[in-house]
Amino acid sequence: SQADAEVIVKRTRTKTQLQKLTHDLGERVKELNCLYSISRLVEQPGTSLEDILQGTVDLIPPSWQYSTITCARITLKDKTFSTDNFEKTIWKQSGDILVKGEKVGTLDICYLEEMPEADSGAFLKEEQALLAAIVEQLGRIIEHKQMEGTLRESEKRYRSLFDSVPIGLYRTSLDGRFIDVNLSFVDILGYADRESVLAANAADNYIDPATREAWKESLARNGVVSGYLLQIRKQDGTPIWIET
């Protein structure tokens with residue numbers, strides 16, 4: 001009957017719509033997994049920027065609708081990271097990787113087979129959005145890694161200067177815990193190495209405890225202690241005079 005036919009048509013339409021929704025949901029999950037997996041790469045201890053970039057291009061093909069014919073490449077200055085099957089074709093989408101507004105690289109994603117003309121630019125609008133999200137994420141990662149490198153160089157220069165000066169330098173907390181000492185300070189106190197000094201307590205080196213309290217009061221009052229003479233003990237108990 002016509003009524004039965006209409007029921008069948010509605011059921012078929014509903015089934016088709018449900019299948020499409022399920023497919024679309026699966027695609028969105030793949031896209032989210034891609035971004036999440038890139039974040040996981042960054043979180044792994046000791047992972048270099050090169051590892052992150054190569055890992056990113058390897059994550060891209062499974063996240064696109066035609067994964068078996070998708071390839072990807074990241075170009076960062078004079079370095080290139082790509083899937084093994086990368087080939088530049090006319091079916092390409094690209095995104096600029098920016099750090100502080102300046103272009104530092106490019107992400108290219110290509111299909112290896114010709115796509116039907118009916119396909120709107122071959123790539124889905126969701127894939128265009130995913131590419132934009134990836135290059136934005138990569139820009140933040142690269143900026144962070146550059147800052148890490150700058151900080152490491154700064155710390156290296158600081159440590160070189162700290163250890164090379166011929167006067168004793170040290171940092172302590174107000175309760176006497178050594179935070180850092182240079183090699184000259186280790187020699188002045190007669191310790192074998194830096195670790196031995198850091199395991200000691202500065203307060204134990206003062207011969208007259210009242211001297212340390214006066215030193216702390218001067219620091220609290222003036223914010224600095226300069227030209228302050230005091231007597232301390234070396235590791236073997238030998239008393240010496242120093243000027244702080």
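The values are calculated or read from the model by the stated rules, or taken from the named source; none is laboratory data. All values reported here derive from a predicted model rather than from experimental measurement. Ideal geometry is used to build each Cβ from the backbone, glycine not excepted, and the neighbour counts take in all protein chains shown. The area values use the complete protein model at the heavy-atom level, side chains included, leaving out ligands, DNA and RNA. Shrake-Rupley method; radii C 1.70, N 1.55, O 1.52, S 1.80 Å.
Determine the relative contact order of the stretch 33-172: mean sequence separation of Cα pairs under 8 Å and six or more apart, normalised by residue count, in whole percent. Don't jump to the answer; show the numbers that get you there.
Working: 155 pairs, mean separation 25.3, N = 140.
After rounding, I find 18 percent.
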field: Length-normalised contact order for the stretch 97-234 - Cα pairs under 8 Å, 6+ apart - percent
entry: 14 percent
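From the Cα gyration tensor of the stretch 54-118, with a ≥ b ≥ c the square roots of its eigenvalues, which class applies: rounded if a/c is under 1.5, or else prolate if a/b is larger than b/c, or else oblate?
Numbers: a/c = 2.16, a/b = 1.68, b/c = 1.29.
Prolate is the answer for the stretch 54-118, as a/c is 1.5 or above and a/b outweighs b/c.
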task: With just the Cα atoms of the stretch 105-227, tell me how far they stretch along each of the three principal axes, in Å, largest first.
output: 90, 32, 24
task: Determine, from the Cβ-Cβ distance of E243 and E143 and an R0 of 45 Å, the FRET efficiency 1/(1 + (r/R0)^6), rounded to the nearest 0.05.
output: 0.50
- prompt: Roughly how many debye, to the nearest 20, is the charge dipole of the stretch 120-160 about its Cα centre, given +1 on each Lys and Arg Cβ, -1 on each Asp and Glu Cβ, and no other charges?
  reply: 320 debye
- request: Could you sort out which of K156/K234; K92/K125; K92/K145 sit more than 24 Å apart by Cα distance in this structure?
  value: K156/K234; K92/K145
query: Any idea what the dipole of the stretch 118-244 comes to, in debye rounded to 20, about its Cα centre with Lys/Arg Cβ at +1 and Asp/Glu Cβ at -1?
result: 340 debye
task: Using only alpha carbon pairs under 8 Å that are at least six residues apart, calculate the relative contact order of the stretch 177-243 and give it in whole percent.
output: 28 percent
- line: Lys and Arg at +1, Asp and Glu at -1: neighbours of L219 with Cβ under 14 Å from its Cβ sum to +1
- prompt: Which of the listed residues, L151, I97, G139, is farthest toward the dipole's positive end in the stretch 57-169, when Lys, Arg count +1 and Asp, Glu count -1 at the beta-carbon?
  reply: L151
- prompt: Applying the Karplus parametrisation 6.51 cos²θ - 1.76 cosθ + 1.60 with θ = phi - 60° to the phi angles of the stretch 44-54, what ³J(HN,Hα) value in whole Hz is obtained for each residue in order, glycine and proline being reported as x?
  reply: 5, x, x, 6, 7, 4, 4, 5, 5, 5, 5
Inter-label distance, nm, simple model (7 Å from Cα along the C-beta direction), W215/K125: 7.1 nm
statement: In nanometres, the difference between 0.36 nm per residue of separation and the alpha-carbon distance of R152 and I207 is 15.9 nm
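Classify the stretch 134-185 as rounded, prolate or oblate, taking a ≥ b ≥ c as the square roots of the eigenvalues of its Cα gyration tensor: rounded when a/c is under 1.5, otherwise prolate if a/b is larger than b/c and oblate if not. Mind dumping the intermediate values first?
On the way: a/c = 7.63, a/b = 2.39, b/c = 3.20.
Because a/c hits 1.5 or more and a/b fails to exceed b/c, the stretch 134-185 counts as oblate.
Could you rank S218, S67 by how accessible they are, 1.4 Å probe, largest area first? Present the calculation step by step, with values, prior to reporting the outcome.
Values: S218 15, S67 50 Å².
Heavy-atom accessible area, descending, gives S67, S218.
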task: Note down the accessible area of E102, probe 1.4 Å, to the nearest 10 Å².
output: 130 Å²
